[in-house]
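Enquirer: Quick one: this structure, given as structure tokens, is what I'll be asking you about.
Only the coordinates and a few stated rules stand behind these numbers; no lab work does. What you are looking at is a predicted structure, and each value in this text was computed from that prediction instead of being measured. Using ideal geometry, Cβ is built from the backbone for each residue, glycine included, and neighbour counts are taken over all protein chains shown.
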Amino acid sequence: MIPIKGQTLNKLYIWQHRGFFMGRLPDISEHRLGSAALCVGIDQPFRVLESESSAWRECRSVLAPPGCLHEIEVGGALMAILFIEPESPDYPAIQNAMQDGEWQCLYGLTHEDEVLAALREAWENQPDAAAIYELLDRLIIPSPNPEQRPQPLDARIQKVIRLMKEDLTRSYSMNELAEVVNLSPTRLVHLFKEEVGVPIRRFRQWHRMRVVAALVSKNKTLTDAALDAGFADSSHFSRAFRNMFGITPSSVFSRAAHIQIVLA
């Protein structure tokens, strides 16, 4: 293991279309994210098990797509995790930067050594959110060629996403959302999954998790933040969090987690 100097404070940066964690985590049990996630072992490899595979795969970088059932054996590695909104142009750009994959996950950034060196330096220096964002743009989010630029999402799905993001505490029914864009509920469910890669309910829950983190950063208690974000109670939030991230909320939000949440 390469020794890492400097502060040991874990960091979680939250932007409109990205989230970025850098620090220490326990092993991550089976889970499905509502976003894509690029996971990088800064100081040593880690292992990934996809639901479609019976064998663990060791790597230094992996891109897990939205809704992919997988688990990660961190093994003490210092981790960097970039959460990418499934509707964001960042996602296809990172897909194009990965080398291979047999199932759903993609492995091995094409410029992995450069990324590892830059993330190691970032951990040591603990730069501000603007510097981290610039680093992600420069190293991890390569500019796609014109022919690789993704087509925009269906305008109806964009409208549904905007509506859900406007008020994450409101639980719109499928009938309400479908009526807004003149689709049947069944057609909306299928089209959303087809366009975004993750079901509507999981997409909405993912954004509620972001609201919880933002409220905690503003000194709300975790219970109050969960209620304000639309979860029924703390137990509902804990179950949803573990299902989404494969770890308990205390692994991230307790004092023992030593995490600083930065809104940008």
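Enquirer: Dipole of the chain (Lys/Arg Cβ +1, Asp/Glu Cβ -1, origin at the Cα centre): which of ILE259, PHE237, LEU109 lies farthest to the positive side?
Expert: PHE237
Enquirer: Right, next: Under 5 Å between amide hydrogens, which residues at least 5 positions from ALA36 or on another chain qualify, with H placed 1.01 Å from N in the peptide plane?
Expert: ILE84
Enquirer: Would you mind estimating how fast region 3-80 diffuses translationally, via Stokes-Einstein at 4 °C and 1.567 mPa s with the Kirkwood radius over Cα pairs, in µm²/s?
Expert: The estimated diffusion coefficient comes to 98 µm²/s.
Enquirer: Additional query: Ranked by Cβ crowding within 10 angstrom, fewest neighbours first, how are VAL211, VAL262, VAL40 ordered?
Expert: If I rank by nearby Cβ atoms, fewest first, I get VAL262, VAL211, VAL40.
Enquirer: Reachable aspartates and glutamates from LYS165, Cα under 19 Å, same-chain residues fewer than 8 places away excluded?
Expert: Correct list for LYS165: GLU85, GLU87, ASP90, ASP154, GLU176, GLU179, GLU195, ASP228.
Enquirer: Continuing with the same structure: If the elastic network links every pair of Cα atoms under 10 Å, which of THR223, THR110, THR186 fluctuates the most in the Gaussian network model of the chain?
Expert: THR186
Enquirer: Still on this model: I need ARG242, ARG162, ARG201 ordered by Cβ neighbour count within 10 Å, fewest first.
Expert: Lowest to highest Cβ neighbour count: ARG162, ARG201, ARG242.
Enquirer: Next question, about the same structure. Using Cα springs under 10 Å in a Gaussian network model of the chain, which residue among GLN16, GLN99, GLN205 shows the largest mean-square fluctuation?
Expert: Highest fluctuation among the options: GLN16.
Enquirer: Moving on to the next point. Residue by residue through region 182-190, which ³J(HN,Hα) values in whole Hz follow from phi under the Karplus form 6.51 cos²θ - 1.76 cosθ + 1.60 (θ = phi - 60°), with glycine and proline marked x?
Expert: My calculation for region 182-190 gives 6, 10, 6, x, 5, 5, 4, 4, 5 Hz in order.
Enquirer: Looking at the square roots a ≥ b ≥ c of the eigenvalues of the Cα gyration tensor of region 155-246, which shape do they give, rounded for a/c under 1.5, prolate if a/b is larger than b/c, or oblate?
Expert: Here region 155-246 falls in the prolate category.
Enquirer: Same structure, new question: Quick check: residue separation of ARG187 and ALA129 times 0.36 nm, minus the Cα distance between them. What number comes out in nm?
Expert: 16.9 nm
Enquirer: Give me the Kirkwood hydrodynamic radius of the chain in Å, from all C-alpha pairs, to one decimal place?
Expert: Radius from the Kirkwood sum: 19.1 Å.
Enquirer: Could you give me the ³J(HN,Hα) list for region 233-240, computed from phi with Karplus coefficients 6.51, -1.76, 1.60 and θ = phi - 60°, whole Hz, x at Gly and Pro?
Expert: These are the phi-based 3J(HN,Hα) values: 6, 5, 5, 4, 5, 4, 5, 5 Hz.
Enquirer: For every other residue with a beta carbon closer than 14 angstrom to the beta carbon of PHE245, add +1 if it is Lys or Arg and -1 if Asp or Glu, then tell me the sum.
Expert: My count for the surroundings of PHE245 gives +3.
Enquirer: Testing the spin-label approximation: label points 7 Å from Cα along Cα→Cβ at SER217 and SER254. State their distance in nm.
Expert: Between SER217 and SER254, the label points sit 2.4 nm apart.
Enquirer: Moving on. Along region 255-264, what does the Karplus equation 6.51 cos²θ - 1.76 cosθ + 1.60 (θ = phi - 60°) give for ³J(HN,Hα), rounded to whole Hz, x for Gly and Pro?
Expert: 4, 5, 6, 6, 10, 10, 9, 10, 8, 9
Enquirer: While we're looking at this one, here's another question. How big is the convex hull of the Cα atoms of region 10-148, per residue, in Å³?
Expert: 104 Å³
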